[in-house]
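Q: Let me give you the structure first, and then I'll get to my questions.
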Amino acid sequence: MHYEGMIIRPPSEANSILLQVTVGCSHNKCTFCGTYKGERFKIKPDETIMADIDFAAKHCKNQNRVFICDGDALIVPQKRLLKYLQEIEKKLPWLERIGLYANTKGISMKSPEELQELRDHGLGIVYMGLESGDDETLKAVNKGATAEKMINMGRKIKEAGIKLSVTVLLGLAGRQRSQIHAQETGRVLSAMDPDFAGALSLMLIPGTPLYEDYEAGRFPLLDANEMLAELRTMIAHTDLSDGLFHANHASNYLPVRAKLPEDKEKTLQQIDDALTGKIALRPEFLRAL
């Protein structure tokens with residue numbers, strides 16, 4: 001397989017075939033993200049992608065999922081992306097699902113009919129970084145989209161019959177707007193109604209603008225209890241029709257896995273127990289991105 005630069009994928013795609021179609025992220029301006037720093041976004045040549053699909057067909061027969069990298073592969077023009085999916089469909093017929101990252105720009109460039117066409121050729125899940133439902137926070141971190149656009153684009157994915165997984169970031173608003181960030185994120189998640197919602201805890205990355213703000217004293221990093229209090233408020237304000245809310249990433253202080261709505265009260269009690277010291281938190285040295 002041919003890989004360039006930093007390759008990332010969702011935790012749930014740990015055992016997937018990683019097919020790199022794009023390099024970097026077309027937005028690449030979020031103040032908290034250093035993943036593609038210095039990386040110029042591009043779509044890889046067709047011959048490289050097709051060669052990787054051929055390699056996977058020969059050597060990856062025990063893997064039943066493909067994850068298309070990098071940061072926002074849905075932005076690839078429809079004809080090219082469809083060609084890749086059709087080649088995967090032809091060469092890897094045993095696959096159960098194809099997934100990829102998408103941002104609001106990439107989703108907005110696809111019509112409902114085009115999304116349905118991608119679904120019909122194997123696209124089963126789209127991973128979307130909401131980060132926050134608070135417009136002020138989204139603007140501060142230069143996310144490039146409003147909460148309303150996030151809602152509309154998330155709904156567009158679901159209406160196309162594609163599963164939606166949404167990631168949010170605890171601590172992203174700092175201390176002053178922590179509870180507003182939590183409440184608004186719960187509101188937006190409820191409006192999007194994703195199949196999966198995942199909360200990560202902010203970990204500052206040297207070299208990013210947000211890290212520089214932290215070093216200069218302009219941005220406070222929440223402590224463990226403040227992160228948990230934010231998570232509690234977020235879950236309390238999140239109403240999913242039938243979804244999973246995860247906060248079990250390695251960055252989190254308390255592993256949480258809840259099916260909503262039925263597990264909401266039990267999960268809130270779990271967080272309360274952690275806040276009062278009845279449940280031990282993950283120590284700092286075990287936390288990682």
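Bear in mind these aren't lab numbers, they're just calculated from the coordinates by the rules spelled out. Since this is a predicted model, take the numbers as computed values, not measurements. Reconstructed Cβ throughout: ideal geometry from the backbone, glycine too, with neighbour counts over all protein chains shown.
Q: With θ taken as phi - 60° and the coefficients 6.51, -1.76 and 1.60, list the Karplus ³J(HN,Hα) couplings across the range 85-94 in order, rounded to whole Hz; mark glycine and proline as x.
A: The phi angles translate into 5, 5, 5, 4, 4, 6, 8, 10, x, 7 Hz.
Q: Can you list the lysines whose alpha carbon is less than 18 Å from that of K266, not counting same-chain residues fewer than 8 positions off?
A: Leaving aside lysines fewer than 8 places away in the same chain, those within reach of K266 are K278.
Q: Out of the GluC sites (Glu not before Pro) in the range 244-289, which ones are loop residues according to DSSP with at most 15 other C-beta atoms within 10 Å?
A: E262
Q: Moving on to the next point. Give the aspartates and glutamates reachable from K42 as a straight Cα distance under 15 Å; neighbours fewer than 8 places away on the same chain don't count.
A: Result set, ordered by chain and number: E4, D70, D72.
Q: Would you list, by chain and number, the lysines whose Cα falls below 16 Å from the Cα of K139, excluding same-chain residues fewer than 8 positions away?
A: K29, K105, K149
Q: Based on the Cβ-Cβ distance of D272 and K105, what FRET efficiency does E = 1/(1 + (r/R0)^6) give at R0 = 51 Å, to the nearest 0.05?
A: 0.85
Q: Same structure again: Using only DSSP helix segments of four residues or longer, with each worth -39500 (n - 2.57), what per-residue ellipticity at 222 nm results for the chain after dividing by its residue count and rounding to 500?
A: Taking each H run of at least 4 residues, the total per residue is -11000 deg cm²/dmol.
Q: Considering Cα pairs under 8 angstrom that are at least six residues apart, work out the relative contact order of the chain and quote it in whole percent. Mind dumping the intermediate values first?
A: Values: 533 pairs, mean separation 40.5, N = 289.
Reported as a whole number, the value is 14 percent.
Q: Just name one of T137, V256, Y36: the one whose Cα is farthest towards the positive end of the charge dipole of the chain (beta-carbon charges, Lys/Arg +1, Asp/Glu -1).
A: Y36
Q: Ordered by residue, what ³J(HN,Hα) values in Hz, to whole numbers, does the range 49-66 give under the Karplus form 6.51 cos²θ - 1.76 cosθ + 1.60, where θ = phi - 60° and Gly and Pro are x?
A: Couplings: 5, 5, 5, 5, 5, 4, 4, 4, 4, 8, 10, 10, 6, 8, 9, 10, 9, 10 Hz.
Q: Please give me, ordered by residue number, the trypsin sites (Lys or Arg not before Pro) of the range 165-271 that lie in loop per DSSP and have at most 12 other Cβ atoms within 10 Å.
A: Values: sites: R175, R177, R187, R218, R232, R257, K259, K264, K266; in loops: R175, R177, R218.
Those that pass, being in a loop and sparsely packed, are R218.
Q: Next question, about the same structure. What percentages, rounded to whole numbers, describe P(r) for the range 11-286 computed over all alpha carbon pairs with 5 Å bin width beginning at zero?
A: Using 5 Å bins, I get a P(r) of 1, 6, 12, 16, 17, 16, 13, 9, 6, 3, 1, 0 for the range 11-286.
Q: If you take every DSSP beta bridge whose two residues both sit in the chain, what share of them, in percent to the nearest 5, is antiparallel?
A: Among the beta bridges of the chain, antiparallel pairing accounts for roughly 20 percent.
Q: Residue by residue, what Karplus-based ³J(HN,Hα) values in Hz, rounded to whole numbers, does the range 13-21 have, using 6.51, -1.76 and 1.60 with θ = phi - 60° and x for Gly and Pro?
A: Each residue of the range 13-21 in turn: 9, 4, 9, 7, 5, 9, 9, 7, 9 Hz.
Q: Now a separate question. Taking amide H atoms as placed 1.01 Å from N in the peptide plane, list the residues 5 or more away in sequence, or in a different chain, whose amide H sits under 5 Å from that of V166.
A: M128, F196, A197, G198
Q: Give the order of D72, D213 when sorted by the count of other beta carbons within 10 angstrom, beginning with the fewest.
A: D213, D72
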